[in-house]
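What follows is one structure encoded as structure tokens, with my remarks underneath.
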Amino acid sequence: MSEVKLSAETRTEFGKGAARRIRRDNKVPGVLYGHGSDPLHLTLPGHELLLALRTSNVLIALDIDGKTNELAIPKSVQRDPIKGFLEHVDLQLVKRGETVSVEIPVQAAGELAPGGYLLEYVLDALPVEAEATHIPESVTVSVEGLEAGASILAKDIALPSGTKLGVDGETVVLQVLAAQAEEPAAESEGEETAEA
């Protein structure tokens, strides 16, 4: 798991106008919460945060106003729906050794059996519980040779040591479906009667 260091500043201005001013300065407004403490409103560097969020469940080491250091993981990220820039981020305060609940991406490896089968991701991210500084980036599942009707359950996925399932073991994560062939287009009845 990667750890990224970011400098953050506490903010005292709130509302749309303040948020727009922050974003104009290539920064992102955010909130840090957790462990029963009051939410701390922050301003984070936009570009560095964008790069950090490319890794799922990244551990962020925050240097707040040069005075305090905190560890956090992203819990909610709001992006502009058209331009894609970061609008706001919620960060959850974590401590080393603490267990947290997160979702890790599921990746399939291998080829399905020949025959035009389709692989359906019932869950594209698997809920797990892991130590805050050892969150796996993803899990890889082999689908080699699977045929229609086969499914992979959460309990069948090998998790890294120290990581536990956050869902029922019988939950279907991946399943293989038979591809449905398109029916050939029927000739129009108007043409058939014209030929007769």
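Every number in this text was worked out from the coordinates using simple rules, so none of it is lab data. On a predicted model such as this, the values are computed, not experimentally measured, just so you know. Heads up, the Cβs are rebuilt from the backbone with ideal geometry, glycines too, and the neighbour counts pull from every protein chain shown.
The table below lists the values:
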| item | result |
| --- | --- |
| Given (1) 87, 47, 25; (2) 62, 34, 26; (3) 50, 36, 26, the label whose value is Cα extents along the principal axes in Å derived from this model | (1) |
| Under 15 Å, Cβ to Cβ, from residue 111 - net charge with Lys/Arg +1 and Asp/Glu -1 | -2 |
| Using a Förster distance of 30 Å, the FRET efficiency for residue 88-residue 165 (Cβ separation, nearest 0.05) | 0.45 |
| Net charge of Cβ neighbours under 15 Å - reference residue 46; Lys, Arg +1; Asp, Glu -1 | +4 |
| 20 Å Cα-Cα threshold exceeded, pairs from 5/67; 75/155; 5/164; 16/67; 27/75 | 75/155; 5/164; 16/67 |
| For residue 63, net neighbour charge (Lys/Arg +1, Asp/Glu -1) across residues whose Cβ lies under 14 Å away | -3 |
| Region 66-113: C-alpha gyration tensor shape, a/c 1.5 cut-off, then a/b vs b/c | oblate |
| Zone of residue 61's modelled label, taken as backbone nitrogen in region 72-98 under 12 Å from a point 7 Å along Cα→Cβ | 72 |
